[in-house]
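Engineer: Here it is: the structure, laid out below.
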Amino acid sequence: MRIHPEVSAALAAGRPVVALESAIITHGLPRPDNLRVAREIEQAVRSGGAVPATIAIVGGEPYVGLDDAALLRVAEGDAVAKVSVRDIAVLAARGGDGGTTVAATAHLAARAGITVFATGGLGGVHRGARDSWDESADLTTLSRTGVLVVCAGVKSILDVAATLERLETLSVGVVGYRTDRFPGFYLADSGHPVGWRVDTPAQVADILRARCRLGTDGYGRSDSRRALRRFFEVGRHYVVVAALRELAAERAIEPSVVSEAIAKYEINTDAPIPTSV
């Protein structure tokens, strides 16, 4: 995974970082609007005081934060795949480019230690799913990924009622921000209520802290926060090592500095991928 130096520095310093998906760039909007909108979204995040981290697969490698060359590559490429969680390993093995869906973006954001992700509409249960079993992987991924997703509800073509039922079954918390109604993508009200409402960012932060403290933030594991951060390799030491690896790749520091940090922080480089355990 390649984490942009600006993103790495922000994470290491405890500054706010917001993950952004790239499927909207690669498959959601026509050219050249896709590139313009991608830049506008990143600027909106910066204007809010956070660092944007658009996530995509470039040359088979997950990128967390795109430089201009990488953004142009995924926005203008003719062979860019739409990537959900199940596709990440395949595309990595083949060395291809991909725009990440909500599911893939949330997964990679969590791996990088990012806890807030902003997008448009989530995937969900499709109309007629009783016969087709057509349900987005977004739902199951969010049920085991400790990331706050700020969104406009689910896409309006979906079965909203069934999607809300599945979110409840999967223990995915749904909270309305300054609203008592569940939005329908471009509609402020899908016709369904939300069970909980908050009106300030501080209230959202309180929920996140409680979720972390009580162990309801994903993957079905119950342990101390410190142990979970180490298990999922998202603690500050892992972020520092990731940043040092980027600097070493750019020849800004010697590779030995990375090795020394790995030894100092007692990081097991042979440990299995956390989500495979």
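Engineer: Quick check on region 155-178. Is at least one of its residues touching a residue at least 24 places away in the same chain (Cβ under 8 Å), of a type in the set (Phe, Trp, Tyr) and farther than 25 Å from Val17 by Cα?
Structural biologist: no
Engineer: Right, another one. Can you name the residue in region 106-151 that is among the polar types (S, T, N, Q) and outside any helix (DSSP H, G or I) and is also surrounded by the most Cβ atoms within 10 Å (Cβ to Cβ) among such residues?
Structural biologist: Thr145
Engineer: While we're here: Starting from region 184-205, keep only residues that are in the same structural domain as Val154 (by TED's automatic domain parsing), then list their pairs with residues that are part of a loop (DSSP other than H, G, I, E, B) and basic (Lys, Arg) whose Cβ atoms are within a distance under 8 Å, requiring at least 6 positions of separation or different chains.
Structural biologist: If the second residue must be part of a loop (DSSP other than H, G, I, E, B) and basic (Lys, Arg), the pairs left are Phe185/Lys155; Arg197/Arg178; Val198/Arg178; Asp199/Arg178.
Engineer: Looking at Gly65 and the list (1) on the phi < 0 side of the Ramachandran plot; (2) in contact with a helix residue (DSSP H, G or I) (Cβ under 8 Å, 6 or more places away or on another chain), which single condition is not satisfied?
Structural biologist: (1)
Engineer: Can you name the condition, by its number, that Asp78 falls short on among (1) surrounded by fewer than 22 Cβ atoms within 10 Å (Cβ to Cβ); (2) of a type in the set (Asp, Glu); (3) in a helix (DSSP H, G or I)?
Structural biologist: So the condition that Asp78 fails would be (3).
Engineer: Considering (1) in contact with an Asp or Glu (Cβ under 6 Å, 6 or more places away or on another chain); (2) exposed (fewer than 14 other Cβ atoms within 10 Å of the Cβ), say which one Pro52 fails and leave the rest.
Structural biologist: (2) is the only condition that Pro52 fails.
Engineer: Still on this structure: Take the conditions outside the structural domain of Ala242 (by TED's automatic domain parsing) and free of Cβ contacts under 8 Å to residues at least 24 places away in the same chain and apply them to Glu135. Does it pass?
Structural biologist: The answer is no for Glu135.
Engineer: Inspect region 63-72 for any residue being under 17 Å from Leu29 (Cα atoms) and either touching a residue at least 60 places away in the same chain (Cβ under 8 Å) or out of contact with any Pro (no Cβ under 8 Å at 6 or more places or on another chain) (or both) and give the result as yes or no. Can you show your working first?
Structural biologist: Taking region 63-72 and keeping what is under 17 Å from Leu29 (Cα atoms), we get 71-72.
Filter again for either touching a residue at least 60 places away in the same chain (Cβ under 8 Å) or out of contact with any Pro (no Cβ under 8 Å at 6 or more places or on another chain) (or both), leaving 71-72.
Yes: one or more hits.
Engineer: Would you pick out the residues in region 28-49 that are within 26 Å of Pro16 (Cα to Cα), of a type outside the set (D, E, K, R) and surrounded by 13 or more Cβ atoms within 10 Å (Cβ to Cβ)?
Structural biologist: Start the filter on region 28-49 by keeping residues that are within 26 Å of Pro16 (Cα to Cα), which leaves 34-49.
With of a type outside the set (D, E, K, R) added as a condition, the list becomes 34-35, 37-38, 41, 43-45, 47-49.
Those that are within 26 Å of Pro16 (Cα to Cα), of a type outside the set (D, E, K, R) and surrounded by 13 or more Cβ atoms within 10 Å (Cβ to Cβ): Asn34, Leu35, Val37, Ala38, Ile41, Ala44, Val45.
Engineer: Is there any pair with a first residue in region 84-103 that is assigned by TED's automatic domain parsing to the domain that holds Ala19 and part of a strand (DSSP E or B) and a second that is basic (Lys, Arg) and modelled with pLDDT of 95 or more whose Cβ atoms are under 6 Å apart and which are 6 or more apart or on different chains, and what are they?
Structural biologist: Gly99/Lys82
Engineer: Going by what's in this entry, would Glu42 be described as modelled with pLDDT of 95 or more, more than 15 Å from the chain's Cα centre (by Cα) and either in a loop (DSSP other than H, G, I, E, B) or among the acidic types (Asp, Glu) (or both)?
Structural biologist: Criteria not met by Glu42.
Engineer: Which residues, taken from region 4-27, are without any contact (Cβ under 8 Å) to a residue 60 or more places away in the chain and either within 19 Å of Gly120 (Cβ to Cβ) or among the aliphatic types (A, V, I, L, M) (or both)?
Structural biologist: Once the filter is applied, which keeps residues that are without any contact (Cβ under 8 Å) to a residue 60 or more places away in the chain and either within 19 Å of Gly120 (Cβ to Cβ) or among the aliphatic types (A, V, I, L, M) (or both), region 4-27 yields Ala10, Ala13.
Engineer: Tell me, yes or no, whether region 163-180 has at least one residue that is aromatic (Phe, Trp, Tyr), at pLDDT below 90 and either under 28 Å from Val7 (Cβ atoms) or in the same structural domain as Pro52 (by TED's automatic domain parsing) (or both).
Structural biologist: no
The values are calculated or read from the model by the stated rules, or taken from the named source; none is laboratory data. Source: prediction; values computed, not measured. Using ideal geometry, Cβ is built from the backbone for each residue, glycine included, and neighbour counts are taken over all protein chains shown.
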